[in-house]
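All remarks here apply to the structure that follows.
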Amino acid sequence: MSSSRISCTCPARSLGVKASDARHARRAVLLSLAALAGCGFAPIHGPGGSARNLRGRIAVLAPADEEGSALVRRLEDRLGTPQAADLVLSAEIQIGETAVGFLSGGEISRFNVEGQVDWQLTDSTGTAVMTGRERGFTSYAATSTTVATTSARRDAHRRLMVILADHIATNILTHDP
C-alpha cells in the first residue's frame, strides 16, 4: 500500500497566529452572526428594510441658504427625492466657527466649524412624528490667500451639512414606529 501525505499552509500560522486562536475567532464571528439573525437584525436598505418604505415619502422644506441646500441635497440622496410625499421634514440650522490654530505671528491658521440642526418630521396632518437635534463639527485651514481660505471654508460647511444630514437620515431610518 502506498500512502501520500497532503500538506497545506495555514495563513494564520504564517502570520504567527496559533491555529486554535484562528478557530476561536472564526467561531466568535459565526456566533455573532447567528445572534444578530436571532434578535431580528435586518439591514435598513435590504429587502423589507425601513429605508424601502420611506424612500420618496419625505419632502424636505426648501432651504434658505447654501448650507440648507447642501443639507437638502444629502437628505434627498439618503431618503430619496419626494415622489408621493406624505411626510415633511423641517430643519433649523445653526453654525458657529471658532479659531483653534495660531501661527507664531498670531495669525489664525485653523478654524473649527460647529453645527447644530433641530429637525422635525411631520405627517400630512401636521402632527410631529419625530423630532431631533443633531450636532457635528469639522474644520478647515486658513491659508495665505483669501480665495483658498474662502474655498476651504465653504467646503467645511458643505461637509458639516453632509455629516448632519447623515445623522438625521440614520435616526429616521432606524426609528422603530
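Readers should treat all values here as calculations from the given coordinates under stated rules, not as data from a laboratory. Quick caveat: nothing in here was measured; it's all calculated off a predicted structure. Using ideal geometry, Cβ is built from the backbone for each residue, glycine included, and neighbour counts are taken over all protein chains shown.
So which residues in segment 110-149 are exposed (fewer than 15 other Cβ atoms within 10 Å of the Cβ) and among the hydroxyl-bearing types (Ser, Thr, Tyr), if there are any at all?
Once the filter is applied, which keeps residues that are exposed (fewer than 15 other Cβ atoms within 10 Å of the Cβ) and among the hydroxyl-bearing types (Ser, Thr, Tyr), segment 110-149 yields Ser124, Thr125, Thr127, Thr131, Thr143, Ser144, Thr145, Thr146.
With the requirement that a residue be touching a Gly at 6+ places or on another chain (Cβ under 8 Å) and of a type in the set (A, V, I, L, M, F, W, C), what does segment 118-141 give you?
Correct list: Trp119, Phe137, Ala141.
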